[in-house]
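Notes follow once the structure below has been shown.
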Amino acid sequence: FESAQLRGPDFAPINTAMATNQTTRGLMQVGGSRSLELQITPVFDKSAEIPLGLIACVRDVTTEVTEQERMQAIHQAGLELGDLTPQEVLDMGWEERKELLKSKIVHFTKDLLKFESVEIRLLDHANKKRLVPLLVYGLEKAAVERELFAEPTGNGVTGYVAATGNSYLCLDTAHDPLYLVGNPTARSSLTVPLKRPDGILGTFNVESSRENAFNEKDQEFLELFSREVAVALHTLELLVVQQNAAATESMSLI
């Protein structure tokens, strides 16, 4: 193969098979995007101790490798989302921490999950059903300013997901009864709930300019990532509560 590169775990499977007389495997990357599994099996004559030859089997494992890499990347992203140094905790206020978290979410959503646009809404503390935009990228202004509530009907996919706690996969925005236009060029969308132990925190929505752009695997990955986002947001809330409690205690002592 042109531009083929072995990625391990065995970087010389042919030599290993000849030396050990056992089947060996190696992973090969081709063209920068395809992953092939190379399996080398020695062939023996009944009385021979040295292999007569080798049988090579090649299998396309691009999907499996890509999914594994995305899972590992999501785990790493989760660690980075909530990663604040002690000095950052002391020096940064709530708004600064929130902006830092938002920038990280946009980065991972675009570069890791490869989604074109994203909208995160959180349930308002004052009005438990009102969904307030926290982060918007790639959506038109009218969609951002739209009032949405956690209701199963009349509030688009976002309202439905917030009300039911169920993810919603929209394969064709032009023929979906729940979909409300967020991006004029969007042809499919995927929305998952942001959950924490005590209930729904909000919603995480992504859109694509292609029909049928998302599948069940994309939903699974976004649900995993949304859990990490929910944990990071919950941690920020706890830090605010802790700082407010510490300030109140200091005033009481004074």
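The values are calculated or read from the model by the stated rules, or taken from the named source; none is laboratory data. Note that the coordinates shown come from a computational prediction; the quantities given were computed from them, not determined experimentally. Note that we place each Cβ from the backbone using ideal geometry, even for glycine, and neighbour counts take in every protein chain shown. Quick note on the areas: whole protein, heavy atoms, side chains included, nothing else; ligands and nucleic acids left out. Shrake-Rupley method; radii C 1.70, N 1.55, O 1.52, S 1.80 Å.
Listing for the model above:
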item	result
Strands (runs of 3 or more DSSP E) lying entirely in the range 127-231 (those with 1 or more residues that are of a type in the set (S, T, N, Q))	188-196, 199-208
Count of the range 170-223 residues which are of a type in the set (Asp, Glu) and within 19 Å of ILE120 (Cβ to Cβ)	5
Number of positions in the range 194-226 that are among the basic types (Lys, Arg) and in contact (Cβ under 8 Å) with a residue 40 or more places away in the chain	1
Residue in the range 35-42 that is open to solvent by 60 Å² or more (accessible area, probe 1.4 Å) and out of contact with any Cys (no Cβ under 7 Å at 6 or more places or on another chain) present	no
Hey, ILE120 open to solvent by less than 70 Å² (accessible area, probe 1.4 Å), outside any strand (DSSP E or B) and at pLDDT 75 or above or not	no
Residue count, the range 124-172 (criterion: aromatic (Phe, Trp, Tyr), closer than 22 Å to VAL106 by Cα and open to solvent by 60 Å² or more (accessible area, probe 1.4 Å))	1
Qualifying residue in the range 180-202 (condition: modelled with pLDDT under 85 and crowded, with 20+ Cβ neighbours inside 10 Å)	yes
